[in-house]
Ligand SMILES: Cc1cc2nc3c(=O)[nH]c(=O)nc-3n(C[C@H](O)[C@H](O)[C@H](O)COP(=O)(O)OP(=O)(O)OC[C@H]3O[C@@H](n4cnc5c(N)ncnc54)[C@H](O)[C@@H]3O)c2cc1C
């Protein structure tokens, strides 16, 4: 049995308050990354802000819980150090980032092969060249793709003709083998879209980030990212367990009927809720499921003994990305234990654990039977769908003092959420 989870950190931080004023200059609805980023910009401009958050904690889709000494993020999630907003809004040093090895370990149904980035990790050159993930021509095309992305102006990647990622890969001449063994589990895992119907613009942006930076997690869980943003807000800014029920010019009605009057209102909820509150076009969702396992012993041999993401290149799943989290960041598990995340992108399956265990047993052997199932996360709205034609940087000022931000207004990522929040906060400040 696992003990009840507690959100990290356990003590109520000073930015949370229980009192609710009847009026303020700005109300921000939602304390995810976008809402926190917007609030900070507005407060730094000397304006008063009240953040109302429906749930019992900050961070939105980025939260970490402690369960029996293990740190479980709500769904397998990583940050890419190349995201520009991390360098403007976050003290990365204080997050104490722990990095995955570049590339991945790919399971082809009978063996594992390391596909590294030989330019950053020369020791992986031979294994990458011989990995059975595609032909030599595919590997030459990966090199050409890499050069194209490195030379590109990042801003231009989000313009130009837009098609699905899978169509773009076929246009570039990649074989079906490398698409299914490598691109679908890797990029489909990050975008929660194994079908690769997402815009090729987003694919280019993500791939460029993977090439130019590292894949990492904070030493004490992804939740440390929003915790850091929130710690920079003035004491008492955030009200937890306070859902907004309706928004109109100058007024927010809360779930319990109370009203807050405000000169400006920022809706920083996830896309589907924002659409409902503001009568905007619907936002479609990519779902996610993640099964977490703890082992009582360290894993000292095989692919899980390295700080690398394992991809199921057979695409049979249900898990497509398997990550030995505590091998990357030891603080994710108690001493001499291992925490394994088995991520099933694009899926909403609360009952999937027995199937995942059977799959992992076929990859890693009978020791998997002794692994302890710690939790299964299912997230209906993991990321907003971004099918082509996809245009980021959507309008944040809706008029009548109402603003909107979140990953659904920019790119569906941590970067998109933080950028959108900052952009929206700046628009609010210049409107006051
Ligand atoms: C499983 C998973 C894996 C992911 N992997 C990655 C990854 O590897 N890399 C990456 O860059 N991105 C990843 N993402 C996406 C990333 O987490 C999101 O894009 C980002 O966190 C969105 O932030 P946000 O502030 O826009 O929205 P949210 O985090 O959803 O914040 C919205 C907030 O509004 C609150 N709210 C909702 N309704 C109300 C209401 N009526 N009143 C008051 N408050 C309300 C919510 O409780 C929430 O706190 C992943 C997401 C998931 C779920």
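Just so you know, all these numbers are worked out from the coordinates, no wet-lab data involved. Only a predicted model underlies this, so the values are computations on that prediction, with no experimental measurement involved. Backbone-built Cβ (ideal geometry, glycine too); neighbour counts: all protein chains shown.
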So residue 157, is it under 19 Å from residue 411 (Cα atoms) and out of contact with any strand residue (DSSP E or B) (no Cβ under 6 Å at 6 or more places or on another chain) | yes
What do you reckon, is residue 245 over 24 Å from residue 386 (Cα atoms) and within 12 Å of the ligand (Cβ to nearest atom)?
-> yes
The number of residues in region 43-80 that are touching a residue at least 12 places away in the same chain (Cβ under 8 Å), part of a loop (DSSP other than H, G, I, E, B) and either in contact with a helix residue (DSSP H, G or I) (Cβ under 7 Å, 6 or more places away or on another chain) or farther than 28 Å from residue 188 by Cα (or both) is 13
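Residue by residue, here is whether (1) farther than 25 Å from residue 410 by Cβ; (2) in contact with a helix residue (DSSP H, G or I) (Cβ under 7 Å, 6 or more places away or on another chain); (3) buried (at least 19 other Cβ atoms within 10 Å of the Cβ) holds:
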| position | (1), (2), (3) |
| --- | --- |
| 187 | no, yes, yes |
| 208 | no, yes, yes |
| 247 | no, yes, yes |
| 261 | yes, no, no |
| 266 | no, yes, yes |
| 278 | no, no, no |
| 285 | no, yes, yes |
Given the conditions (1) surrounded by fewer than 21 Cβ atoms within 10 Å (Cβ to Cβ); (2) within 16 Å of the ligand (Cβ to nearest atom); (3) closer than 30 Å to residue 250 by Cβ, and given that residue 48 satisfies all but one, which numbered condition is not satisfied?
-> (2)
Considering every residue within region 351-371, establish whether at least one is free of Cβ contacts under 8 Å to residues at least 60 places away in the same chain, under 23 Å from the mean Cα position of the chain (by Cα) and away from the ligand (no atom under 13 Å from the Cβ).
-> yes
Selection count where residues are in contact with a helix residue (DSSP H, G or I) (Cβ under 6 Å, 6 or more places away or on another chain), within 16 Å of the ligand (Cβ to nearest atom) and under 18 Å from residue 371 (Cα atoms), scope region 287-317 | 2
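Restricting attention to region 252-259, does a residue exist that is surrounded by fewer than 22 Cβ atoms within 10 Å (Cβ to Cβ), within 11 Å of the ligand (Cβ to nearest atom), assigned to a strand (DSSP E or B) and free of Cβ contacts under 8 Å to residues at least 24 places away in the same chain? Before you say what the answer is, go through the steps one by one.
Kept after step one, since they are surrounded by fewer than 22 Cβ atoms within 10 Å (Cβ to Cβ), are these residues of region 252-259: 253-259.
After this cut, where a residue has to be within 11 Å of the ligand (Cβ to nearest atom) as well, the list is 253-255.
Next, only the ones that are assigned to a strand (DSSP E or B) stay: 253-254.
Now narrow it down to the ones that are free of Cβ contacts under 8 Å to residues at least 24 places away in the same chain: 253.
So far as region 252-259 goes, yes, one or more of its residues are surrounded by fewer than 22 Cβ atoms within 10 Å (Cβ to Cβ), within 11 Å of the ligand (Cβ to nearest atom), assigned to a strand (DSSP E or B) and free of Cβ contacts under 8 Å to residues at least 24 places away in the same chain.
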